[in-house]
Amino acid sequence: MPSIETIYRETVRPLPVDEQIRLADMIREKVSSELKSKPKLSALDIMESLRATTPRRSAAEIDEELRAESDSWDD
């Protein structure tokens with residue numbers, strides 16, 4: 001499959017400007033409708049999805065990790 005740049009250079013650029021605008025509008029409409037059809041996640045949904053993939057750590061483990069990171073800055 002040719003690159004997007006090749007498609008543009010060989011197919012789109014030779015078109016008259018009004019046809020290029022029409023093509024751009026068609027692409028915008030298609031992308032817009034696809035974005036509208038995707039469900040939107042709330043911040044809580046995103047946090048819940050991260051919780052499932054992130055191992056739980058204790059407060060002491062987090063404190064130690066932060067302390068080690070902070071100590072590394074002094075080097």
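Set against the 2.2 N^0.38 Å expectation for a compact globular protein, the range 1-51 has a Cα radius of gyration ratio of 1.81. Modelled label positions at L66 and S3, each set 7 Å beyond Cα in the direction of Cβ, lie 4.6 nm from each other.
Along the charge dipole of the chain, pointing to its positive end and built from +1/-1 on Cβ of Lys, Arg, Asp and Glu, which listed residue (I62, I4, A43) has its Cα farthest out? Highest projection toward the positive end goes to I4. Using a Gaussian network model of the chain in which every pair of alpha carbons under 10 angstrom is joined by a spring, one finds that among D45, D63, D18 the greatest mean-square fluctuation is at D63. The angle between the Cα long axis of helix 17-37 and the main principal axis of the chain comes to about 40°, on a 0 to 90 degree scale. Counting other Cβ atoms within 10 Å of each Cβ, which GluC sites (Glu not before Pro) in the chain have at most 12 and sit in a DSSP loop? Filter output for the chain: empty list. The magnitude of the dipole of the chain, with charges of +1 and -1 set on the Cβ of Lys/Arg and Asp/Glu and taken from the Cα centre, is near 740 debye.
Label positions at S37 and T11, each projected 7 Å from the Cα along the C-beta direction, are separated by 2.0 nm.
Where a number appears in this text, it was derived from the coordinates with a stated rule and is not lab data. This structure is a prediction, so every number in the text was calculated from the model and none was measured. A quick note on method: Cβ atoms are made from the backbone with ideal geometry, for glycine too, and the neighbour counts reach across all protein chains shown.
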